[in-house]
1. Measure nothing fancy, just the Cα-based angle from helix 2-14's long axis to the longest principal axis of the chain, in degrees from 0 to 90, nearest 10.
2. Which FRET efficiency, nearest 0.05, do Ala34 and Glu100 yield, Cβ-Cβ r, R0 25 Å?
3. Return one whole number: the accessible area per residue of the chain in Å², for a 1.4 Å probe.
4. By residue number, which cysteines of the chain lack any other Cys whose Cβ falls under 4.7 Å from their Cβ?
5. Picking from Asp113, Asp39, Asp134, which is most flexible by a Gaussian network model of the chain using Cα springs under 10 Å?
6. From Cα coordinates alone, what are the radius of gyration and Dmax values for the range 166-236 in angstrom?
7. Would you look at the GNM of the chain, springs on alpha carbons closer than 10 Å, and say which of Lys135, Lys202, Lys73 moves the most?
8. Looking only at Cα atoms, what is the convex hull volume of the range 27-146 per residue, in Å³?
Amino acid sequence: MKNLLLAFSLVFLLAPDRFKQQQLQYERVRIAYAQKYTDLSKFLQAKKLDMNSLELYMRAFKHEQVLEIWAKKKEDAQYQLLLTFPFCAMSGTLGPKRKEGDGQIPEGFYFIDRFNPKSNFYLSLGINYPNDTDKARNPTGKLGGDIFIHGDCQTIGCITITDDKMKVVYVLAVEAFEQGQTQIPVHFFPVRFTSPAYGQLKETHAQSTKLLDFWQNLEGGYSYFEQNKRLPIVISLPSGAYQLQ
């Protein structure tokens, strides 16, 4: 499975000018385009956006169990919210993924690093977990991998939405990649940091200093986007923290 996914990744990343054409060779992608592309184009036009100048940003909230899709034109500075999809299954608890087999959905700043049009879970978008921050925080452990946003309604550590909703996300991601956005950012948060639930979580985990420090680190990126509707520049430090610029 890993070798197959690597093959998909290498083929598409080495030929971004033919990416959409390659994707449309697969039946599930053709079906997704036939069912979703026209309505999506009209939806984007109503938002004053355009498939031919599309950039995406996604963020997921584990406590609320939702995936948000944001978009903008390349020339625009600010993103606007397009869609919000509920998870259709959930695994693990709040807190980052730190080892293979823990069933956790990661938390942190990631990007889509591969497309799988023949996924065991209909269609899927791979996340670059473990990233450098994950590796720095657990340099000797087995961190696991193969974290995806995908269809179907079963998961062990992935973000899962229905097949129908995944068609929408997949078409948008293909279009953004085709326009040159070869790293679509995806931020995984434990909770909306402005919600009362975060205060409750801090009380519940008051003795877990490392966890609270980690969440505070993520909160900086969340707050920056909330205030500016622009993405922060995120750097992974050797200490296992994120530096935001």
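1. With rounding to tens, the tilt is 60 degrees.
2. On the way: r = 38 Å, r/R0 = 1.53.
Step by step, r from the Cβ atoms, then E = 0.05.
3. Values: 11450 Å² over 245 residues.
Ligands and nucleic acids excluded, the result is 47 Å² per residue.
4. Within the chain, the cysteines lacking a partner Cβ under 4.7 Å are Cys158.
5. Asp39
6. Rg, Dmax (Cα atoms, Å): 15.7, 47.
7. With Cα springs under 10 Å in the chain, the top fluctuation among Lys135, Lys202, Lys73 is at Lys202.
8. Numbers: hull volume 16.1 nm³, N = 120.
Hull volume normalised by residue count: 134 Å³.
The values are calculated or read from the model by the stated rules, or taken from the named source; none is laboratory data. Note that the structure is a prediction, hence the values are computed from the model and not measured. Positions of Cβ are generated from backbone atoms using ideal geometry, with glycine treated the same way; all protein chains shown enter the neighbour counts. These area figures cover heavy atoms from the full protein model, side chains too; ligands, DNA and RNA do not enter into them. Shrake-Rupley method; radii C 1.70, N 1.55, O 1.52, S 1.80 Å.
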